[in-house]
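Have a look at the structure below, then the notes.
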Amino acid sequence: MELYDLIEKAKTSKQQAQSRLVNLFWDDVKRYIYSLVKDENNAEELTIETFTKVLQKLNLYNIDFDFKTWILSIAHNTCIDFLRKNNKILSNFSTDNYHDIKDSDPSPEQLFINKQNVETVQKMLNKLPEKYSILIQLRYLDEKKLNEIVNDTGLTLANVKVSLMRAKKLLFEMKNQNL
């Protein structure tokens, strides 16, 4: 199947076409992202985030431009956002304030907030279709790598990637509805 036909089918939310598209460019995108962030786990997460954006913005793709270049520009921008966010976090930490560092035990207020956050996430996971909640559980709560999830579930790597993207999108939509 020609790339253009695959893109057109993926635009219509055909899962098989989307999976093939993700599989076709996954290694190139992950390799590019890894070259920027130099961390395997972050590279994997940012690759998933990139393909989530690619599938969401597929209707904006202009066929006059190279598709791989378009995907890599989305990957690049995703990495820039990630690096800015992390650099901001690091730059807010001043080495002059070591004397201000307090006990590492969380305060009662922080424990309460953490408990509420966990309960909120659990409620959202319970609202997801079971196949998505299982994948989110394995990936983010059990901290398993994609290959381990493939072995545990019997799903293909492409199916795991696309399903995780869809699950994250649903969680994001649920979160926005509650705001």
Matching residues in the stretch 137-160 (without any contact (Cβ under 8 Å) to a residue 24 or more places away in the chain and not small (Gly, Ala, Ser)) number 15
By residue number, the members of the stretch 134-157 that are closer than 19 Å to residue 20 by Cα and within 14 Å of the chain's Cα centre (by Cα) are 146
- request: Within the stretch 67-79, identify whether any single residue is at pLDDT below 90 and aliphatic (A, V, I, L, M), and answer yes or no.
  value: no
Turns out the helices (runs of 4 or more DSSP H) fully within the stretch 105-179 with at least 2 residues that are modelled with pLDDT of 85 or more and either surrounded by 11 or more Cβ atoms within 10 Å (Cβ to Cβ) or among the hydroxyl-bearing types (Ser, Thr, Tyr) (or both) are 130-136, 146-153, 157-178
Checked the stretch 49-70 for anything more than 15 Å from the chain's Cα centre (by Cα) and in a helix (DSSP H, G or I); matches are 58, 59, 60, 67, 68, 69, 70
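Could you say whether any residue in the stretch 34-42 is polar (S, T, N, Q), loosely packed, with under 14 Cβ neighbours inside 10 Å and free of Cβ contacts under 8 Å to residues at least 40 places away in the same chain? Lay out the reasoning, then the answer.
Going residue by residue through the stretch 34-42, those that are polar (S, T, N, Q) are 35, 41-42.
Right, trim to loosely packed, with under 14 Cβ neighbours inside 10 Å and you get 35, 41.
Next, only the ones that are free of Cβ contacts under 8 Å to residues at least 40 places away in the same chain stay: 35, 41.
The answer is yes, given that some residue of the stretch 34-42 is polar (S, T, N, Q), loosely packed, with under 14 Cβ neighbours inside 10 Å and free of Cβ contacts under 8 Å to residues at least 40 places away in the same chain.
The values are calculated or read from the model by the stated rules, or taken from the named source; none is laboratory data. Remember, it's a predicted structure, so these values are computed and weren't measured experimentally. Glycine gets a Cβ as well: all are built from the backbone with ideal geometry, and neighbour counts include every protein chain shown.
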